[in-house]
1. If Glu81 meets every condition in (1) of a type in the set (Asp, Glu); (2) closer than 18 Å to Leu9 by Cβ; (3) in contact with a Leu (Cβ under 7 Å, 6 or more places away or on another chain) apart from one, which number is that one?
2. So Leu152 clears everything in (1) hydrophobic (A, V, I, L, M, F, W, C); (2) more than 16 Å from ligand 1 (Cβ to nearest atom); (3) open to solvent by 70 Å² or more (accessible area, probe 1.4 Å) except one condition, right? Which one?
3. May I ask you to list the residues in the stretch 93-113 that are surrounded by 23 or more Cβ atoms within 10 Å (Cβ to Cβ) and either among the hydroxyl-bearing types (Ser, Thr, Tyr) or in a helix (DSSP H, G or I) (or both)?
4. If I filter the stretch 126-144 for residues that are more than 16 Å from ligand 1 (Cβ to nearest atom) and within 21 Å of Leu29 (Cβ to Cβ), do I get at least one hit?
5. Looking at Asn34, Asn14, Asn8 in this structure, which one is in contact (Cβ under 8 Å) with a residue 40 or more places away in the chain and more than 13 Å from ligand 1 (Cβ to nearest atom)?
6. Within the set of pairs 6+ apart or on separate chains, which have a first residue in the stretch 46-65 that is in a strand (DSSP E or B) and within 6 Å of ligand 1 (Cβ to nearest atom), a second that is hydrophobic (A, V, I, L, M, F, W, C) and open to solvent by less than 80 Å² (accessible area, probe 1.4 Å), and C-beta atoms under 6 Å apart?
7. Against the definition (more than 16 Å from ligand 2 (Cβ to nearest atom), open to solvent by less than 40 Å² (accessible area, probe 1.4 Å), within 24 Å of Ser44 (Cβ to Cβ) and in contact with a Gly (Cβ under 7 Å, 6 or more places away or on another chain)), how does Gly82 come out, yes or no?
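The values are calculated or read from the model by the stated rules, or taken from the named source; none is laboratory data. Note that the structure is a prediction, hence the values are computed from the model and not measured. Ideal geometry is used to build each Cβ from the backbone, glycine not excepted, and the neighbour counts take in all protein chains shown. These accessible areas exclude ligands, DNA and RNA; they are computed on the full protein's heavy atoms, side chains included. Shrake-Rupley method; radii C 1.70, N 1.55, O 1.52, S 1.80 Å.
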Amino acid sequence: MKTQSTFNLSVSVNGKPWSGEVPIEETLLEFLRNRLQLIGTKRSCESEVCGACTVLVDNRAVSACNYLAFEANGKSVLTIEGVAQGEQLDPLQEAFIRNIGAQCGYCTPGQIMAAKALLMENPTPSREQIAEWLNGNICRCGAYGAIAQSILEAAQESQAKRERP
Ligand code: FES
Ligand code: FES
């Protein structure tokens, strides 16, 4: 029996459509980093433990190392490269800079993408809810306090924006 070795993928990445053949076993992480050169998404454990490779697929956080590219067919992928609006950084990015939430920075794209998913689901999380949500995102620099503070500030800023007349 002949098995299928490639897939004709159609996906939107950071708002841009992409179509083409990909090997059936290609992970979303390989697709983003090697094929699209979107190297902001990081590779680390490759076993869905560290969160460094977190991206959003249809606004849901996934570990790109354990998600096959073809599974994103017909879906919308958001990576760290698509978070800013032109020159305007996302409130999360601004808060991470302000609070030194990025130290070596290796975990930062994954932390920001996971935080984005959190704020979509819960726009006003408590510090405890942030800690719980991010328990799959490891920071070897131990910047957890600054990361949580950044997310709280970004949430407050977005809420203030929503309440402005
Ligand atoms: S590299 Fe994907 S979770 Fe660690
Ligand atoms: S800032 Fe270095 S691993 Fe998190």
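1. Checking Glu81 against (1) of a type in the set (Asp, Glu); (2) closer than 18 Å to Leu9 by Cβ; (3) in contact with a Leu (Cβ under 7 Å, 6 or more places away or on another chain), the one that fails is (2).
2. Of (1) hydrophobic (A, V, I, L, M, F, W, C); (2) more than 16 Å from ligand 1 (Cβ to nearest atom); (3) open to solvent by 70 Å² or more (accessible area, probe 1.4 Å), only one is false for Leu152: (3).
3. Ala95, Phe96, Thr108, Pro109, Gly110, Gln111, Ile112, Met113
4. No: the stretch 126-144 contains no residue that is more than 16 Å from ligand 1 (Cβ to nearest atom) and within 21 Å of Leu29 (Cβ to Cβ).
5. So the residue among Asn34, Asn14, Asn8 that is in contact (Cβ under 8 Å) with a residue 40 or more places away in the chain and more than 13 Å from ligand 1 (Cβ to nearest atom) is Asn14.
6. The qualifying pairs are Ser63/Cys53.
7. Criteria met by Gly82.
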